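As structure tokens, the structure follows; a few thoughts come after it.
The values are calculated or read from the model by the stated rules, or taken from the named source; none is laboratory data. Quantities reported herein were computed from a predicted structural model and do not represent experimental measurements. Ideal geometry is used to build each Cβ from the backbone, glycine not excepted, and the neighbour counts take in all protein chains shown. For the accessible areas, the whole protein counts, side chains as well, though only heavy atoms, and no ligand, DNA or RNA atoms are used. Shrake-Rupley method; radii C 1.70, N 1.55, O 1.52, S 1.80 Å.
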Amino acid sequence: MTTKLVRATSIGLTAAFLISFLAVFVPSAVAQAAPEVKFEVTFVKVDNIGEDNRLDPESELAQIQWKVQVKPPGTPTGCVSAYTLSYEPVGKLGYQSITISPPTNSGNIGKYGVANTGQADDTPQPYTVTMTISASREAPAFKDDEYALKVTLVVPGNTNGCGVTAQGPVTAKTSVKNDYMPLTTVEPGVYFQKAGQNKKVVFPVKVQNIGNGPSRVRLEIIPLGKNRLDSIIPPAELRLESRAQKGSAALFKADTRVEAQTPHSNGYTNSIYSFQVKFITSYDGTGENTANDETSVTLSVQVQGVYVPGFDSVAMLGALSIALMGVGFLRRKK
């Protein structure tokens with residue numbers, strides 16, 4: 001009896017162990033074999049950027065549209081499971097601004113079947129996502145920047161025996177070129193000066209390139225009013241680097257000057273002479289020059305006083321006077 005009891009107990013324990021093993025591991029195997037929810041992200045188009053596909057920093061909002069498709073795994077009618085799609089930008093740079101609309105979408109797997117016949121329904125369900133982008137002046141000119149959208153699909157608790165699992169996140173990418181933004185600051189040391197006749201007047205000017213690419217700056221002089229100075233000499237063309245491309249080491253500013261020569265005439269004068277200096281900024285490179293920036297300042301000189309000839313003229317007149325006095329003295333002596 002004892003031997004039979006031990007044998008029966010052993011058989012019972014073995015059977016219980018096998019039942020427990022199947023209860024634990026079979027569902028896991030079924031879960032691993034469950035179909036995935038297939039989905040894809042397709043880039044559709046870029047709007048509001050123009051034919052050259054360039055984004056103007058600080059002045060333009062552009063839209064990138066994405067098409068997202070969710071393909072159900074072909075579950076039978078009556079099997080229903082909700083899912084959620086979430087969208088977020090990835091790899092965003094510090095000078096980029098990105099918003100996503102809508103931030104999420106939701107749907108159901110196996111909700112209808114095929115014409116309610118009980119057959120599996122794997123019809124793709126489409127969604128459209130809009131990414132609105134902009135960039136600041138720190139975006140380097142003519143650099144192709146990447147914009148990426150990550151799509152995550154989450155299937156919470158499966159219901160009615162759907163037995164599906166969500167696919168891992170996927171990312172779609174596209175690139176947009178930053179356009180050149182010319183932007184220059186001009187700071188004269190003085191705007192108004194006083195001088196005598198026939199004098200040289202110097203106007204110091206500080207020029208800075210705060211745009212997003214290397215720039216060259218040329219100057220144009222435009223006289224104002226009827227009074228004219230004898231001459232106005234602009235400086236040579238300036239070539240400035242950009243901090244957006246070279247960082248803190250960029251040579252983005254320069255000190256220059258505008259020189260003027262006041263007129264002269266016999267007698268006393270008191271007149272104001274004004275002129276405009278136009279600083280014209282363009283891209284310092286080849287093949288990409290697209291935009292210009294103009295900054296103008298008005299400078300003035302008040303010319304006041306009596307014209308006094310130079311030292312050589314005075315000496316010549318003095319010598320001539322002495323000579324004439326000597327001739328007169330000799331005539332009186334004779």
(Q) Here's a check for you: in segment 44-75, which residue that is assigned to a strand (DSSP E or B) and open to solvent by 80 Å² or more (accessible area, probe 1.4 Å) is modelled with the lowest pLDDT? (A) K45
Q: Kindly check whether there is at least one residue in segment 76-92 that is of a type in the set (D, E, K, R), modelled with pLDDT of 70 or more and either within 26 Å of K150 (Cβ to Cβ) or buried (at least 18 other Cβ atoms within 10 Å of the Cβ) (or both).
A: yes
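Among the residues of segment 134-156, write down those that are part of a strand (DSSP E or B) and either touching a His at 6+ places or on another chain (Cβ under 8 Å) or crowded, with 21+ Cβ neighbours inside 10 Å (or both). Spell out the reasoning first.
Taking segment 134-156 and keeping what is part of a strand (DSSP E or B), we get 134-135, 144-154.
Residues satisfying the conditions are A135, Y147, L149, V151, L153.
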Q. If you take just the strands (runs of 3 or more DSSP E) that sit entirely in segment 158-270, which of them hold at least 3 residues that are among the charged types (D, E, K, R)?
A. 215-224, 253-261
Q: Considering every residue within segment 279-291, establish whether at least one is in a strand (DSSP E or B), modelled with pLDDT under 95 and open to solvent by 50 Å² or more (accessible area, probe 1.4 Å).
A: no
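Of all residues in segment 258-301, how many are acidic (D, E) and farther than 15 Å from I221 by Cα?
Residues that pass the stated criteria total 3.
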Q. If you go through segment 305-322 one residue at a time, do you hit one that is at pLDDT 60 or above and closer than 23 Å to A236 by Cα?
A. no
Q | Pairs with Cβ under 9 Å, 6+ apart, first in segment 184-213 and closer than 23 Å to I280 by Cβ and among the acidic types (D, E), second at pLDDT 95 or above and open to solvent by 70 Å² or more (accessible area, probe 1.4 Å) | A | E187/K206
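What about V306, is it touching a residue at least 24 places away in the same chain (Cβ under 8 Å) and either of a type in the set (S, T, Y) or open to solvent by less than 80 Å² (accessible area, probe 1.4 Å) (or both)?
Considered against the rule, which asks whether it is touching a residue at least 24 places away in the same chain (Cβ under 8 Å) and either of a type in the set (S, T, Y) or open to solvent by less than 80 Å² (accessible area, probe 1.4 Å) (or both), V306 comes out as no.
Being open to solvent by 50 Å² or more (accessible area, probe 1.4 Å) and either among the charged types (D, E, K, R) or over 17 Å from S282 (Cα atoms) (or both) is the filter here, so list the residues in segment 227-240 that pass it.
We begin by selecting, within segment 227-240, every residue open to solvent by 50 Å² or more (accessible area, probe 1.4 Å); these are 227-228, 230, 233-234, 236-237, 239.
If the condition is that a residue be open to solvent by 50 Å² or more (accessible area, probe 1.4 Å) and either among the charged types (D, E, K, R) or over 17 Å from S282 (Cα atoms) (or both), then N227, R228, D230, I233, P234, E237, R239 are the ones that fit.
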Q. Quick check, is T104 at pLDDT 90 or above and farther than 30 Å from F142 by Cα?
A. yes
